Every structure is written in C-alpha cells, then in structure tokens.
1. Along the range 366-376, what does the Karplus equation 6.51 cos²θ - 1.76 cosθ + 1.60 (θ = phi - 60°) give for ³J(HN,Hα), rounded to whole Hz, x for Gly and Pro?
2. Estimate the FRET efficiency between Thr134 and Ala174 by the formula 1/(1 + (r/R0)^6), using the beta-carbon distance for r and 30 Å for R0, to the nearest 0.05.
3. Using a Förster radius of 25 Å, what is the FRET efficiency between Glu28 and Arg72 based on their Cβ-Cβ separation? Nearest 0.05, please.
4. Quick one: if you stick a label point 7 Å off each Cα along the C-beta vector at Arg343 and Thr299, how many nm between them?
5. Which far-off residues, 5 or more places away or on another chain, put their amide H under 5 Å from the one on Phe151, with H placed in the peptide plane?
6. Cβ under 14 Å from Val51's Cβ, Val51 left aside: what net charge do those residues give with Lys, Arg +1 and Asp, Glu -1?
7. Which trypsin sites (Lys or Arg not before Pro) does the range 125-187 hold that lie in a coil by DSSP with at most 14 other beta carbons within 10 Å?
8. What net charge do the residues around Tyr277 carry, taking every other residue with its C-beta under 12 Å from that of Tyr277, with Lys and Arg at +1 and Asp and Glu at -1?
Amino acid sequence: MAELIRGLPKALRRNFVPAPDFSRAFVEAESPRDEPLAKALAAFLKRATGVDIAAAEFAGVELPAHFRMSYRLHDENGKTLTSGRDLAALRGQWEGQAREAFSRKTDIELTREDVASWDFEEIPAQVRSGGGLTAFPALVDLGEAVALRVFERADEAHAAHRQGVVRLLRNALASDAKQARRRLPIGNALALKYAPLGGIEGLREDLLEGGFSDLLERHELDVRTAGTFEALRTQCSRELFGAGVERLKLAEPIIEAQAELKPWLQPPLLGFARASYDDLREQLGALLTPGFLRELSPTRLVHYPRYLKAIRLRGERLRQDPAKDQQRMLQVMPYWRAYLQHRAAGASAVGLAELRWLIEEWRVSLFAQELKTAEPVSAKRLARALAALA
C-alpha cells in the first residue's frame with residue numbers, strides 16, 4: 001500500500017504522508033473482502049483525510065515486480081507446468097489445453113457436434129462427473145448448426161446456450177420466415193423511395209430480421225427441454241409476421257422522410273457552403289447505414305423521422321444563412337470527430353452509443369430547435385459522455 005501511495009502524483013501524494021503510516025492504518029482498519037485494492041484504498045484515504053481521490057488515480061502507478069502476485073500452474077499430479085506474474089498471459093497460453101482437459105474429465109458422452117434441429121429430450125443445466133468436477137452443458141452456435149459442449153463456468157455456458165437456442169430456432173422457423181418476408185405489405189411507391197438505400201428484397205430481409213430480434217427480446221431463451229423449445233417455436237411462428245409488420249410501420253416514416261430531404265442535400269451553386277453540405281451528407285450517411293432497419297432497436301428507430309426532419313430544416317436554412325449554419329456546425333464537430341476516433345480505437349460499445357445519440361440530439365437542438373430533443377442535452381453533458389470513454 002505504501003508503494004501505491006508513493007506512486008501518486010505529487011499534488012495528491014502530499015496529502016498522505018508519511019505513506020507507511022497511512023498504509024499501516026489501512027491494514028488495521030480494513031478487513032479482507034472481495035474488492036479491488038485500489039478501490040478500497042482510495043475510499044479509506046478519502047474517509048481519513050477528506051481529500052477526493054478515486055481508484056483510477058492508482059492505475060498509472062508502476063509497482064516493482066516483487067509486489068505483484070506470482071502464479072503457479074500445476075497439473076493434476078501437482079507438477080508445476082509454468083509460473084509467472086502475468087495472469088492474462090498465462091491464461092492465454094494455457095486456456096485451450098485447460099478446456100480440453102476439463103472436457104475430457106467431464107461427461108464426454110453428453111457432447112455432440114453438428115446438430116441442425118432440436119432433438120434433445122433435455123439438456124441439464126449442470127452435470128457432475130465421476131471425478132467430482134461440475135460442468136455446465138450448453139449449445140454452441142456453429143453457423144448453420146449447433147454443438148452441445150460443456151463449460152467450466154455457468155455464465156459462459158448461459159451466454160453460449162442462448163445463441164445456440166437462437167440458431168436452432170432460426171432453423172425451425174426458416175419456412176415461416178420465408179413466407180413472412182414475402183407477405184410484408186410493401187407498396188411500389190415505398191419501394192421506389194427506398195431505392196437509394198437498397199433493393200426491395202434487402203428491405204424485406206432487414207424488416208423481418210429486425211422483427212425476429214424484437215421477438216427474441218420478449219422471450220426466455222434458456223430453453224432446455226423439448227417441450228419448452230417447441231412451445232417457443234410455436235409462439236415465435238405465430239408472432240413472426242406481426243413483428244415484421246411492426247418494423248415496417250417504423251420504417252415507413254423514415255423512408256418517406258429521407259426521400260423528402262434529398263433535394264436539400266445539394267448546394268444551389270457549385271462550391272456554396274461546401275463544408276456544411278459535406279457535414280449534412282456525412283450525418284445522413286451515418287444514420288442510414290446498411291442494415292440500420294434490422295440492427296437498431298424500435299426505441300431508437302422511432303426517433304429517426306425527427307432526426308431526418310431536422311436535417312431537412314437545416315438544409316432549408318443553410319441556403320438562407322450559411323454563416324450561421326457554419327457557426328452551429330462548429331459546435332458539433334469536436335464531439336463528432338472525437339466519437340469517430342474512439343469508435344476506431346474500439347471504445348466501449350455502451351459508452352459510444354450514449355455519446356453517438358447525444359450528438360444527434362445536440363444537432364436537433366442547434367439546427368431545428370422547434371422539433372425538441374428526446375432528452376436534455378448540452379455541451380457539458382456531451383463532454384461528460386466523451387470523458388467517460390477515455
């Protein structure tokens with residue numbers, strides 16, 4: 001603990017001197033528990049001194065190697081296979097072999113490969129081998145079929161099993177899905193307006209896939225018996241076409257709105273307000289990405305007509321006052337460029353989504369205030385969302 005305190009930036013460190021005394025006080029005051037050391041130490045120091053310090057302050061402290069945990073990996077006979085202080089590296093090197101050994105010691109007769117339909121009477125949630133090992137059976141999605149395998153951890157098994165059930169459900173509903181796609185009531189006029197975004201068959205596929213995703217959100221997918229799987233299949237078969245129609249209802253105003261704003265995406269004169277028109281087209285392209293009608297949730301798609309109407313209003317006003325548009329655009333660009341950089345760097349999907357849609361609401365508030373935002377938005381809130389990605 002003393003080394004952690006000594007590694008803090010000077011402005012913080014001077015509040016906790018002498019470091020050994022604070023370290024001893026921490027050890028005496030705190031009891032062992034399942035909590036990161038940095039978090040517990042930061043909370044203790046804050047209580048003891050009133051100085052605002054967070055666990056993240058210790059992240060940059062480089063401890064000497066002898067302060068780091070040393071790990072030894074043994075085989076079943078107790079022989080040391082390897083040792084080291086980097087747990088992630090050890091796991092990466094040995095995880096595959098460990099899984100294979102674990103599978104061999106569990107009920108190997110339970111496992112199966114390349115299963116295309118549900119033909120299990122029951123898949124137990126867990127099994128115990130003769131050697132006393134507990135394993136967690138789960139279906140694993142292979143693409144067009146599934147495998148039944150065993151996992152060491154219940155959470156990994158649960159996540160895999162859900163995807164495996166979805167794969168078998170897709171296979172079982174293939175005929176229903178084909179019929180539902182064909183029946184979706186998409187008129188010629190709507191198909192023509194959608195043409196700049198893609199073909200009619202692609203639209204049908206996106207709507208039904210999106211509808212199927214909506215169905216999955218409403219049903220329990222930890223299915224483990226033949227009877228519960230058949231009940232799930234029957235229910236989804238009954239609801240699939242309706243789910244696709246609901247997606248179509250969401251899509252229609254979006255398709256109409258994007259068709260109406262097209263004339264406003266081109267400048268009245270060559271070179272007129274080029275940066276603003278480039279930004280308009282970039283914004284529209286980022287909204288109407290291929291597959292957006294299948295990938296986005298209904299709660300997000302419902303806002304799209306407002307976003308597109310805001311783009312149209314901006315396009316109308318841009319022709320009248322390009323200087324004002326540029327002034328507003330400059331209030332958006334730092335956040336948008338930062339968002340793109342963080343996305344390229346692989347930032348948290350949850351944090352990225354929050355920032356991305358806040359930026360869209362920010363555009364509405366700047367360029368089409370009369371349409372109102374779906375939630376409060378400000379430069380300060382955008383800055384907080386951006387800082388959370390760092």
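The values are calculated or read from the model by the stated rules, or taken from the named source; none is laboratory data. Model, not experiment: these values are computed from the prediction. Glycine gets a Cβ as well: all are built from the backbone with ideal geometry, and neighbour counts include every protein chain shown. Calculation scope for accessible area: heavy atoms of the full protein, side chains included, ligands and nucleic acids excluded. Shrake-Rupley method; radii C 1.70, N 1.55, O 1.52, S 1.80 Å.
1. Ordered by residue, 3J(HN,Hα) equals 8, 9, 8, 4, 5, 7, 6, 9, 6, 8, x Hz.
2. E between Thr134 and Ala174, to the nearest 0.05, is 0.25.
3. Calculated transfer efficiency: 0.25.
4. 2.1 nm
5. Phe136, Ala138
6. +3
7. Counting only loop positions with at most 14 other Cβ atoms within 10 Å, the trypsin sites (Lys or Arg not before Pro) in the range 125-187 are Arg153.
8. Combined, the nearby Lys, Arg, Asp and Glu give 0.
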